[in-house]
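One structure is given here, and the rest of the page talks about it.
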Amino acid sequence: MPRRIIQATLAAVLLRSASVLAAPDAIYFNGNVWTGDARQPKAQALAIDDGSIVAVGNDVDVRKLGNANTRAVDLKGGFVVPGFIDNHVHFINGGLALAQVDLRDAATKAEFVQRIARAAAKTPKGQWLKDGNWDHETWGGELPTRDWIDRDTANTPVFVSRLDGHMALANSLVLKLAGIDEKTPDPAGGAIVRDKNGRPTGILKDAAMSLVSKAIPPLSDQELQQGLERAMEHAVARGVTQVHDMGGVEDWRVLDLYRRTKASDNLRLRIYSFVPLAEWGKAAEYKKRNGTGDAWLRWGALKGFVDGSLGSTTAWFHKPYDDAPNTTGLTMIDPEQLGAQIVAASKADLHVTVHAIGDRANDWLLDAFEKVEQSGPKKAWRFRIEHAQHLTPAAIRRFKPLGVVASMQPYHAIDDGRWAEKRIGAERLKGMYAFRSLIDSGAHLTFGSDWPVAPLDPLTGIYSAVTRRTLDGANPNGWQPQEKITVAEALRSYTAENAWAGFQESKVGVLKQGALADFAVLSKDLFAVPPTEIANVKVVRTVVGGREVYVAR
């Protein structure tokens with residue numbers, strides 16, 4: 001039977017089954033719908049009832065299902081896609097950062113200093129100036145020091161982080177508050193950067209940042225609530241209908257905040273909440289007492305770390321850095337201890353994901369996951385490697401047979417691609433952000449942002465994966481172009497693949513009968529515009545569970 005006849009027959013069956021129900025709550029029609037469902041890839045209209053999709057098809061047939069009480073929404077030809085799922089955010093951090101100094105695009109030392117000075121002048125007495133998300137590669141690679149900012153911040157505690165979250169600059173006031181001086185030893189898994197005389201410069205890497213974190217006053221409930229509200233508004237305006245929140249600030253208090261917000265029916269998107277892997281015991285007890293949540297808010301997942309980041313020269317490699325030949329990076333925790341945590345958490349039936357950047361970190365983590373796979377009965381663990389940034393050819397081939405998810409963030413490729421070669425050399429670049437190779441190997445590839453490390457914007461992420469054009473414009477045909485993927489593949493990585501990675505493939509990620517009514521309406525067809533224009537496409541409407549949570553004005 002020809003494929004088009006099969007598709008028409010399936011659509012008719014779906015419509016007939018929907019017609020025996022009461023009239024739907026809403027019908028969205030006159031759309032250009034990309035369903036993500038291979039059985040019915042295109043449609044014009046969706047019928048929604050009680051938060052779920054009850055019919056998908058053409059305008060005429062779907063509109064017949066409505067009555068006078070059905071809300072009818074004309075999409076005016078808008079391009080409809082399943083709601084974007086972001087696989088990796090630090091959600092409250094991002095919401096809080098929206099109210100802090102923005103250093104991401106500070107292009108010179110002078111601009112960096114001026115922005116901090118202006119922000120400090122406006123900061124109320126006693127409050128800290130934090131976040132920032134600076135990138136020293138933007139002004140040539142020189143690390144900032146406390147001497148740059150002390151004159152303008154003598155009475156304001158300043159602790160601003162690099163955009164990867166693995167390095168931060170503290171002013172002298174903060175170092176004093178934290179008790180950090182020439183005699184302070186480097187903590188395990190971190191480093192205090194010092195000048196030639198042994199004096200701390202103010203730069204703290206990875207675990208050394210926790211020395212300051214202990215001195216920062218705890219956030220109030222109001223501050224956390226405001227951070228959540230800003231984060232939700234920011235996300236839904238970009239078509240995001242679910243986030244996998246990797247935490248980063250007051251994780252258990254934030255989970256309680258999520259539960260209160262959900263109980264009051266004020267969540268505007270779905271959240272999958274992760275807590276630290278080191279606290280797997282607490283997470284296991286929490287799951288026994290409270291279950292794992294529902295389709296709006298879920299928990300029972302854990303996030304750990306193997307290493308640091310490439311930008312901070314703390315990612316763990318087999319060979320030394322080209323521009324820092326005295327180091328191969330570091331591990332954030334003793335590998336033996338981390339391995340024991342992975343085993344224990346898995347036995348407790350918790351969902352484990354671990355950050356790994358360097359090639360050695362990824363190899364070690366694949367070995368650790370394989371040990372769990374081989375230690376007991378077969379199970380769909382769906383282990384995830386967050387970032388999976390630098391992979392050897394052998395590592396790429398291991399993802400599919402182990403069932404490990406490559407949880408990646410495509411914006412990092414067009415950002416890091418500006419300067420990565422000087423750090424690790426041309427040969428090691430070949431396994432960096434290997435999207436094409438992973439898909440061709442049969443691995444599950446999922447996409448997200450790592451917000452606020454990178455912008456929370458799936459359209460920019462799709463643009464990044466499809467074009468691989470670096471931010472400096474130096475690679476118009478793509479940086480490591482052999483790893484480009486198609487628009488359809490990038491869309492799947494932001495939708496269906498993320499649903500699978502979060503054990504929700506039967507509920508979200510595609511637009512089909514029975515799925516939850518999560519979708520975004522875009523201003524242009526992503527398959528019709530040139531790939532270089534994808535980042536300029538706008539979100540005009542976002543719907544979560546049948547609720548319109550964002551409509552462009």
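For Lys422, give me every one of the aspartates and glutamates with a C-alpha distance below 19 angstrom, ignoring sequence neighbours fewer than eight places off in its own chain.
Within the straight-line limit of under 19 Å, Lys422 reaches these aspartates and glutamates: Asp135, Glu137, Glu142, Asp164, Asp322, Asp323, Asp359, Asp472.
Over the chain, what relative contact order in percent results from Cα pairs under 8 Å that are six or more residues apart? Working shown, then result.
On the way: 1210 pairs, mean separation 90.7, N = 553.
Value for the chain: 16 percent.
Using amide H atoms built 1.01 Å from N in the peptide plane, name the residues 5+ places from His355, or on other chains, whose amide H lies under 5 Å from its own.
Gly304, Phe305, Val306, Glu386
Lysines near Lys512 by alpha-carbon distance under 16 Å, same-chain residues fewer than 8 away left out - which ones?
Lys42
Determine the distance separating the Cα centre of region 438-484 from the Cα centre of region 502-524; give it in Å without decimals.
22
Can you give the helix-only mean residue ellipticity at 222 nm for the chain, where every DSSP H stretch with n ≥ 4 adds -39500 (n - 2.57) and the sum goes over all residues, rounded to the nearest 500 deg cm²/dmol?
Helix-only estimate at 222 nm: -9500 deg cm²/dmol.
Leaving out same-chain residues fewer than 8 places away, which aspartates and glutamates sit with a Cα under 15 Å from that of Lys122?
Qualifying aspartates and glutamates at Cα under 15 Å: Asp102, Asp152.
Assuming 0.692 mPa s and 37 °C, estimate D for the chain with Stokes-Einstein, Rh taken as the Kirkwood radius over Cα pairs, in µm²/s.
134
Under the 0.36 nm per residue contour assumption, what length would be gained going from the current alpha-carbon distance of Asn290 and Arg382 to full extension?
30.9 nm
Between their Cα atoms, which of Lys214/Lys287; Lys130/Lys176; Lys130/Lys262; Lys282/Lys347; Lys76/Lys484; Lys400/Lys430 are more than 22 Å away from each other?
Result: Lys214/Lys287; Lys130/Lys262; Lys76/Lys484 exceed 22 Å.
How large is ³J(HN,Hα), in whole Hz, for each residue of region 441-450 in order, when computed from phi with the Karplus curve 6.51 cos²θ - 1.76 cosθ + 1.60 and θ = phi - 60°, using x for Gly and Pro?
7, x, 6, 7, 10, 10, 10, x, 10, 6
Whole angstrom only: what separates the Cα centroid of region 201-263 from the Cα centroid of region 38-60?
When both Cα centres are located, 36 Å separates them.
Expressed as a whole number of Å, what is the distance separating the alpha-carbon centroids of region 346-402 and region 73-107?
28
Quick note: the coordinates plus some simple rules give every number you see, no bench work behind them. Quick caveat: nothing in here was measured; it's all calculated off a predicted structure.
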